[in-house]
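Since the structure comes first, as structure tokens, the remarks are kept for the end.
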Amino acid sequence: MQIRINGGRIIDPGHFDGTADIVVEDGKIAGIVENEPLIAPDQASNIQHPDLRIIDASGRIVTPGLIDMHVHLREPGDEHKETIASGCRSAAWGGFSAVCCMPNTSPVNDSRQITEYIRAKASQLNMVRIYPVAAVSKGIEGKTRCDFNELKEAGAVAVSDDGHPVMDSHMMRRALEAARDLNLMVISHCEDISLAAGGAMHEGAVAKKLGYHGIPSASESIMVLRDIALCELTAAPVHIAHVSSLESVRAIRDAKARGIRVSAETAPHYFTLTETAVNDSGTHAKMNPPLRTEADREAICEGLADGTIDAIATDHAPHSQKEKDVAFESAANGIIGLETAVSLSLKLVQEGVLSFSGMVEKMSTNPARILGLENGLRVGQAADITIIDPDLSYTVNSDNFQSLSRNTPFEGWQLKGRPVLTMVGGRIVFDHDQNLRP
Ligand SMILES: [Zn+2]
């Protein structure tokens, strides 16, 4: 079976940007054909030829499969919020051909068994690729370091105690050194627990008005600066998760200028929303790190534009109503993000913050580079492909989401542009036009 994706604008950052056709065969990219006359529409409806499927991508953008390097799939342990299967469907629907799942499941992914369990489930499902991120410390308790060798052998692509910081600086140093020797990335959740303690949202005007205890930006940036210092000490790389504050952006920019091997991601909510969203969305605007001020939001956009922030990841954090329909202070942190990430990131393109190519870099090329994953639209590579219609407008309706959870502050938003097809290894796992749901 051959698939041809015809007439789209193909963007493979740093390699190709132009109108061409992609030929997919045996799960791989078999050819990229420029300047060939388009197959006439009557031939395009090629139902009589079961061995050839033609996808008309004219007016659309064809990119390497998008990679979300930060999601929470909740299995094992919290299958009422999300399972590996529902998370995969959510990812496919959102245009992602691969996701990296964080280890704060129950039990925690701190062992070969859990890493292998996740990979076995993923291969059974045969939908999007799942790359497990295993824990830095046993039970993400920050006390005993995990056996990185065992975790890497089992298939972990990175280590992180995400959800919790590694507060002990000596342990972080040893983790960076051990991970460096195994070519494993450490993903750091930067939060000084003593500064953040008791906080429910950003420490600022809105928290004051609502009477909530605040979390200062310094609780994040102080740990970003510590991790940068540890990178200098160890010559190991570190990846900073979910950057939310102006001070963190500055610290990372300065470190990069000095040649330190730090990379960083942010999430769509940090360049879309501010602390004022708590007024309208309540617990659906509660996350960790919290939404901050307009100055922080602008700094995140600048960081994305100038390359300080390498990646856009969702921090997809499903929670059931039970965890969100409670008093703000006691509500769980986090929102789902897989199904709105592309449309929200396209706003950056519409506003001139990023080019299309820049957006693809943040959502595919750079996550792959940071984690050492195969990526790109080149002959011989696995056909992991996302097609985006930049003009398709719609209203966010979480009833259509594939995720088991509905905790989104973007319900009812009018957005322009969305993913319309996701292909993984030559298999179409989501096709908006054919109404093929994952
Ligand atoms: Zn985190």
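Brief remarks follow.
- The fraction of accessible area contributed by carbon and sulfur in the chain is 48 percent, rounded to a whole number (1.4 Å probe; ligands and nucleic acids excluded).
- Amide H partners (placed H, <5 Å) of Ile54, local residues excluded: Arg4, Asn46
- Cα long-axis angle, helix 84-93 against the chain (0 to 90 degrees, to the nearest 10): 60 degrees
- Most to least packed among 352-365, 126-139 [average Cβ atoms within 10 Å]: 126-139, 352-365
- About the Cα centre, charge dipole magnitude for region 365-438 (Lys/Arg +1, Asp/Glu -1 at Cβ), debye: 180 debye
- Here is the P(r) of region 235-347: all C-alpha pair distances, binned every 10 Å from 0, give 14, 44, 30, 11, 1 in whole percents.
- Estimated dipole of region 227-385 in Debye, rounded to 20 [Cβ of Lys and Arg +1, of Asp and Glu -1, Cα centre]: 320 debye
- Amide hydrogen proximity for Met69: with H placed 1.01 Å from N in the peptide plane, the residues at 5 or more positions away or on another chain lying under 5 Å are Cys100, Thr314.
- Distance between region 119-144 and region 395-436 - C-alpha centres, whole angstrom: 24 Å
- Degrees separating the helix 246-257 axis from the principal Cα axis of the chain, which is the longest one: 70 degrees
- Within straight-line cross-link reach of Lys256, aspartates and glutamates at Cα separation under 19 Å, skipping those fewer than 8 residues along the same chain: Glu220, Asp227, Glu232, Glu247, Glu265, Glu302, Asp306, Asp310, Glu361
- Mean sequence separation of contacting Cα pairs (under 8 Å, at least six apart), scaled by the length of the chain, corresponds to a relative contact order of 19 percent.
- Other residues with beta-carbon under 9 Å from the beta-carbon of His189 carry, at +1 per Lys or Arg and -1 per Asp or Glu, a net charge of -3.
- Volume per residue of the C-alpha convex hull in the chain, rounded to whole Å³: 130 Å³
- Between Leu436 and Asp431, the built amide H atoms are under 5 Å apart, and every one of these is 5 or more places off in sequence or on another chain.
- Only helical runs count toward this figure. For the chain, summing -39,500 (n - 2.57) over DSSP H runs of n ≥ 4 and dividing by all residues gives -8500 deg cm²/dmol at 222 nm.
- Euclidean distance of C-alpha centroids, region 47-111 and region 281-334, integer Å: 21 Å
- Restricting the calculation to Cα atoms, region 121-177 shows an Rg/Rh of 1.05 when the hydrodynamic-style radius is the Kirkwood one.
- Dimensions in Å of region 172-220 - Rg and Dmax from alpha carbons: 16.0, 49
- Estimated D of region 209-280 in µm² per second, where Rh is the Kirkwood radius over Cα pairs and Stokes-Einstein applies at 10 °C, 1.306 mPa s: 118 µm²/s
- Förster-model FRET efficiency, 25 Å R0, Thr276 and Glu411, C-beta, rounded to 0.05: 0.90
- Accessible area (Å², per residue) of the chain, counting only protein heavy atoms and a probe of 1.4 Å: 38 Å²
- Extension gain (nm, one decimal) between Ser330 and Asp51, 0.36 nm per residue minus Cα-Cα: 94.9 nm
- The distance linking region 216-240 with region 145-211 is 10 Å (Cα centroid to Cα centroid, whole angstrom).
- Computed magnitude of the charge dipole of the chain (debye, nearest 20; Cβ of K, R +1, Cβ of D, E -1): 420 debye
- Linear extension gain, Gln434 paired with His80, 0.36 nm per residue minus alpha-carbon span: 124.5 nm
- Taken one residue at a time, the phi angles of region 314-323 give Karplus couplings (6.51, -1.76, 1.60, θ = phi - 60°) of 8, 6, 3, 10, x, 9, 7, 4, 4, 8 Hz. Gly and Pro are set to x.
- On Cα atoms only, tilt of 112-125 relative to the major axis of the chain in degrees: 30 degrees
The values are calculated or read from the model by the stated rules, or taken from the named source; none is laboratory data. Source: prediction; values computed, not measured. We place every Cβ from the backbone using ideal geometry, glycine too, and count neighbours over all the protein chains shown. Ligands, DNA and RNA are excluded from the accessible area calculation, which covers all protein heavy atoms including side chains. Shrake-Rupley method; radii C 1.70, N 1.55, O 1.52, S 1.80 Å.
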